[in-house]
1. Checking the condition touching a strand residue (DSSP E or B) at 6+ places or on another chain (Cβ under 8 Å), more than 18 Å from residue 163 (Cβ to Cβ) and buried (at least 21 other Cβ atoms within 10 Å of the Cβ), which residue from 352, 348 passes?
2. Of the conditions (1) under 30 Å from residue 689 (Cα atoms); (2) in contact with a helix residue (DSSP H, G or I) (Cβ under 6 Å, 6 or more places away or on another chain); (3) within 15 Å of ligand 1 (Cβ to nearest atom), residue 352 clears all except one; give me its number.
3. Return only the number of the condition from (1) more than 25 Å from residue 400 (Cβ to Cβ); (2) within 15 Å of ligand 2 (Cβ to nearest atom) that residue 128 does not satisfy.
4. Examine segment 366-375 for a residue that is assigned to a loop (DSSP other than H, G, I, E, B), at pLDDT 90 or above and away from ligand 1 (no atom under 16 Å from the Cβ), and state whether such a residue exists.
5. Condition test on residue 585, is it in contact with a helix residue (DSSP H, G or I) (Cβ under 8 Å, 6 or more places away or on another chain), without any contact (Cβ under 8 Å) to a residue 12 or more places away in the chain, farther than 28 Å from residue 682 by Cβ and surrounded by 15 or more Cβ atoms within 10 Å (Cβ to Cβ)?
6. Please specify each residue of segment 68-96 satisfying the condition of being in a helix (DSSP H, G or I), modelled with pLDDT of 95 or more and either within 10 Å of ligand 1 (Cβ to nearest atom) or surrounded by 21 or more Cβ atoms within 10 Å (Cβ to Cβ) (or both).
7. Run down 142, 176 and say which single residue is more than 23 Å from residue 65 (Cα to Cα), assigned to a helix (DSSP H, G or I) and in contact with a helix residue (DSSP H, G or I) (Cβ under 8 Å, 6 or more places away or on another chain).
8. Assuming residue 626 fulfils every condition listed in (1) modelled with pLDDT under 95; (2) closer than 29 Å to residue 697 by Cβ apart from one, which condition is it?
Ligand code: ADP
Ligand code: MG
């Protein structure tokens, strides 16, 4: 009907699997019983057989079928974790690695960090010699390969969520193929999610492409060919196996708007309220594009909830947000089942698309948008734009509604727009990312000819060239694009972006490791300031703000927090995120240990120096600039355009200093409103991050004010003083 739930949605039943609902999660089944009822359970013997017989097995099955939580346990039981070896299961997202590990530990009845552990960057909750199943981010496993290139600790690597095609997953797949040539005993499992017939078809094509990629046998056999078990001591077949788990999804009815909305946030809230008023059981999951939107939706829904309090509905509305920047403890709370009498409405980013299991969702409201990061090798800058998701993503999102019972998915666009404006699939991250860090890692793994590396999807040539140029400018590569000593090898060893790694090394030479460690640690946490926008937060921020910019302001925050005895109360009264600071402190310790290992002595420029010692401060700023000089920008006197009545300062135009012309020269930069320099506009700056947003501007964040002379001093290979005659011509 056109008026489902009082909304004007045009309906279309996309149908689900024909199988009748096998179980109802509302019944509290014992964990073991629950596990037996998962679709994967019936396939476990065959799966174990395939894994034994084939070096690579590709498993396709919809979200919730048990791939992530069950397969590692089957492998454990079948003896793959014997002889001190481990099974690794990689996830593109940190939160997934953590929650999945917690769930598996619960199912196995052990403490997290013992037999079952997880590892994300800067946080390893596993015990060497004890942990058998290790869930980690794909990035962490990549980094492990630098110590242990053949991954000798592992008998099986399960690359999970391969359909997401994250940058690290793609690199990992390329490397694993190489490792398998040297280690025929290593088993690789690649798993990928699907829902609905259409998506299964496209996922199977993807899976077959991956399977073909892994085919290192010289004999051509069709995918799906099953090998005999290898004889004792013999390696498995090098032709991959492909296994599809048939699903047991409930049907999901998809509804579209009659006409696309211009304000999907508002429409999403309205849809949620309308569903709630129907008074039928089931939690609601809303897909939005970012943290701000999720928080805004929660606020609006809380108001609505208060308004509805007297309306005698069976359930009370309980809105919660779910996004990657959310502190881990809050994230875990989202996964708790709703208490009796409560209807959870989860406002989430695409983090909830496939990688985590949310129980009890019956309704999905999909904005059909997501933030998409895209790297432009011509400017060397990124954009983060809100863009329509792919149809494959939309189908995954809809599937979240059909886990418990038949569900509903409300797409906040018209069916015509859905068909015509959404691309079929998402471009792999590999093809829209800055690859400097990746190239550095590959080089340090001894892969010198990056161009001929076996990429699952080759990145654009311009991006490769730019990555090589940037690494060369930072001193990580020599003139022949080989890893340079000592910077290249040392930078590769640090678990940081190349610019941050470079500034740490510079701090060792300049005598200010203490300060630069603090800045780098602060840049490695999500956010130091309490969510902004409010006057009191801005005022608090202003107390730490200095004209030298955000990076130096971070130093002030750190110092004051340390002087308070790392007091939580201090953090709260100053609108600083205590949790972020604690994490920064932990990261700082770890980085300090890295520096010690590299033989870099601790030093401090500001300790004991007077607060007015500009020279000491300049030392710190120069060390920071030694990592950031590529991103140097100069204030122009170009006409300042007033963007709106509220906007009195944002339109000062900066231009990249390095650009000789072309697209990079055309990029217009301005200072992001969250920067302490928003109203200051120094002549010369370096920035850690700049993103193009929907207004078309590149907005700089985490800014350091510099003196122009430093550029020629720190990077004479990149910047030269302008010839006198051009300076005279004015
Ligand atoms: P897949 O990886 O195939 O998407 P999972 O192994 O993540 O599937 O999940 C299998 C099942 O385990 C889910 O259907 C759900 O019932 C249960 N499950 C997984 N994670 C959790 C969790 N954190 N809390 C409760 N149940 C969970
Ligand atoms: Mg999974």
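The values are calculated or read from the model by the stated rules, or taken from the named source; none is laboratory data. All figures in this text were calculated on a predicted structure; none of them were measured in a lab. When we count neighbours, we look across all protein chains shown, and the Cβ atoms used for this are built from the backbone with ideal geometry, even at glycine.
1. 348
2. Among (1) under 30 Å from residue 689 (Cα atoms); (2) in contact with a helix residue (DSSP H, G or I) (Cβ under 6 Å, 6 or more places away or on another chain); (3) within 15 Å of ligand 1 (Cβ to nearest atom), residue 352 violates only (2).
3. The failed condition is (2).
4. There is at least one residue in segment 366-375 that is assigned to a loop (DSSP other than H, G, I, E, B), at pLDDT 90 or above and away from ligand 1 (no atom under 16 Å from the Cβ).
5. no
6. Once the filter is applied, which keeps residues that are in a helix (DSSP H, G or I), modelled with pLDDT of 95 or more and either within 10 Å of ligand 1 (Cβ to nearest atom) or surrounded by 21 or more Cβ atoms within 10 Å (Cβ to Cβ) (or both), segment 68-96 yields 68, 69, 70, 71, 72, 73, 75.
7. 142
8. Exception for residue 626: condition (1).
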